[in-house]
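Step one of this worksheet: look at the structure below.
The values are calculated or read from the model by the stated rules, or taken from the named source; none is laboratory data. All figures in this text were calculated on a predicted structure; none of them were measured in a lab. Please note: Cβ atoms are built from the backbone with ideal geometry, for glycine as well, and neighbour counts cover all protein chains shown.
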Amino acid sequence: MRDLKTVFGFELSNKLKEKTVRLTTIIILVIILIATFIPTLVSMLSGDSSGDSGDMGQNTGGHSYEGVAPLSDEYGYVIENNAISEEALKTLYPFFLSKSYPDEKALRDAIEKEEIKKGILVTSATSFKLIANDLSMYDTSVQSISASLSRFNRDLFLSKEGIDPAKVDQAENVQIQADTEILGKNALTGYAFAYVGMFMIYMLVILYGNSVATSVAREKNDRTMELLITNTSSNNLIWGKVLASMVVSIGQLILMILVAGAGIVLNRDNYPEFMIRMIKEGITIDALVLFIVFSLFGSLMYYFLYASVGALVSKVEEVNSAMTPIQFVFIAAFLLCSMGLNMPDGTLMRVISIVPFTSPMAMFIRYSMTTVPIVDLIGALVLLLVTLYIMAYLATRIYRMGTLNYGNRIGFFKAVGMVFKNVR
């Protein structure tokens, strides 16, 4: 045990001294903190621009506009062959904000000279043409103008039939009061937490898994492993290295959560009500505990795999190619979990939340978004712990095997076969 503490302390000290670890941690924390300030920045920007747009009185529903609004350079319009009364048209959005032109040529000239951005050629009460130099893929001008003219024609038809349009509006806009009582989980409020948590686990495993594999490979490349293995057991060496990486990664994870929490508290007054509700309902103590537990054991399992791969190579340059099978498995797990986000109670998510190589991410996602039977939780955790023990056993044996092999690189699956063959 004393040797394990010594190895662990040494490895932890080295990890904390690494510039890449410090720099990566600082960058990630700064990005998270800035992200929590986004609602405040949006609120400030919208506050600055509210004076410019607040008096426009846009009404895409086509209701009458009362009062005088400043003309906008967004639109101009032409009524072709007196197709519709200009007085009636001026009650509709965006016409009450737009400048009238005598003919289509004048309208096109204004667009080309950039006096206005878009022109509306009204050919009848039920048809128009939108003219523009450039049109954004998100532009909704056609939909807005169509809605206004549709409302105008509807009101005109109702008036001709002796029906008061206001009464129809009143009948169509009856307010329905609805209350929702959720006995289990609300997938909508848990989605954001599940999505962010999945990326956190992915980033930590990839970042520190690579670090573990490279560290082991460097010791072997420098022949340091031979000296270490004569002074302590391979168990102490591999566990000390993996536990140090786990402590640093979990510490980084906790720092992310604390910084995100502090940023949210500082900016909560500028967060929309639905976002505050989503945070309160989605981020619960039990979900946080489950997230930490599964990410802890899951990262440990993968770190042992990375350590065993590092022990199989003879040169540091071979690490990247040797890690390919593990990277493939973990990336496949990430992609499956990404697919399962939209179906947290589907068969796919139920299966991968129990399989050890996917459960560190999948069980947390499933638990955040839907009710999970206690049997599934316990079963997934037990399977993960059993797999962790097996991976630790394999990594220890492969690490010891690596001290005796300085020739050609042994494949991971071949090494596993050799371990079990020696056991028999």
Inspect segment 366-384 for any residue being under 29 Å from SER233 (Cα atoms), surrounded by fewer than 16 Cβ atoms within 10 Å (Cβ to Cβ), assigned by TED's automatic domain parsing to the domain that holds ALA213 and not charged (D, E, K, R) and give the result as yes or no. yes
Could you say which residue among PHE330, PHE357 is in the same structural domain as TYR202 (by TED's automatic domain parsing) and assigned to a helix (DSSP H, G or I)? PHE330
Matching entry among SER144, SER136 (being of a type outside the set (D, E, K, R) and closer than 16 Å to LEU92 by Cα): SER144
I need the full set of residues from segment 280-296 which are in contact (Cβ under 8 Å) with a residue 60 or more places away in the chain and touching a helix residue (DSSP H, G or I) at 6+ places or on another chain (Cβ under 7 Å), in order please. GLU281, GLY282, ILE283, ALA287, LEU290, PHE291, PHE294, SER295
In segment 271-295, residue farthest from VAL212 (Cα to Cα) [restricted to those that are crowded, with 17+ Cβ neighbours inside 10 Å and modelled with pLDDT of 85 or more]: ALA287
Out of the residues in segment 94-103 meeting the condition of being touching a residue at least 40 places away in the same chain (Cβ under 8 Å) and not in a loop (DSSP other than H, G, I, E, B), tell me which one is nearest to SER150 (Cα to Cα). PHE95
Identify, from the list ARG223, ARG218, ARG268, the residue that is among the basic types (Lys, Arg), surrounded by fewer than 21 Cβ atoms within 10 Å (Cβ to Cβ) and modelled with pLDDT under 75. ARG223
Has segment 180-194 got at least one residue that is assigned by TED's automatic domain parsing to the domain that holds LYS280, modelled with pLDDT of 85 or more, touching a Phe, Trp or Tyr at 6+ places or on another chain (Cβ under 6 Å) and part of a helix (DSSP H, G or I)? no
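For segment 296-305, state whether one or more residues are touching a Pro at 6+ places or on another chain (Cβ under 6 Å) and either more than 20 Å from ASP376 (Cα to Cα) or surrounded by 21 or more Cβ atoms within 10 Å (Cβ to Cβ) (or both).
Step one: of segment 296-305, the residues touching a Pro at 6+ places or on another chain (Cβ under 6 Å) are 298.
Pick out the ones that are also either more than 20 Å from ASP376 (Cα to Cα) or surrounded by 21 or more Cβ atoms within 10 Å (Cβ to Cβ) (or both) and you get 298.
Yes: segment 296-305 contains one or more residues that are touching a Pro at 6+ places or on another chain (Cβ under 6 Å) and either more than 20 Å from ASP376 (Cα to Cα) or surrounded by 21 or more Cβ atoms within 10 Å (Cβ to Cβ) (or both).
The rows are residues; the columns are (1) assigned to a loop (DSSP other than H, G, I, E, B); (2) modelled with pLDDT of 65 or more; (3) within 20 Å of the chain's Cα centre (by Cα); (4) not assigned by TED's automatic domain parsing to the domain that holds TYR271.
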| position | (1), (2), (3), (4) |
| --- | --- |
| THR25 | no, yes, yes, no |
| ILE28 | no, yes, yes, no |
| VAL42 | no, yes, yes, yes |
| GLY47 | no, no, no, yes |
| ASP52 | no, no, no, yes |
| ASN59 | yes, no, no, yes |
| GLY62 | yes, no, no, yes |
Only one of ALA106, ALA88 is surrounded by 12 or more Cβ atoms within 10 Å (Cβ to Cβ), at pLDDT below 85, assigned by TED's automatic domain parsing to the domain that holds LEU149 and not in a loop (DSSP other than H, G, I, E, B), namely ALA88
Out of the residues in segment 170-215 meeting the condition of being among the small types (Gly, Ala, Ser), surrounded by fewer than 16 Cβ atoms within 10 Å (Cβ to Cβ) and in contact (Cβ under 8 Å) with a residue 12 or more places away in the chain, tell me which one is farthest from VAL248 (Cα to Cα). GLY184
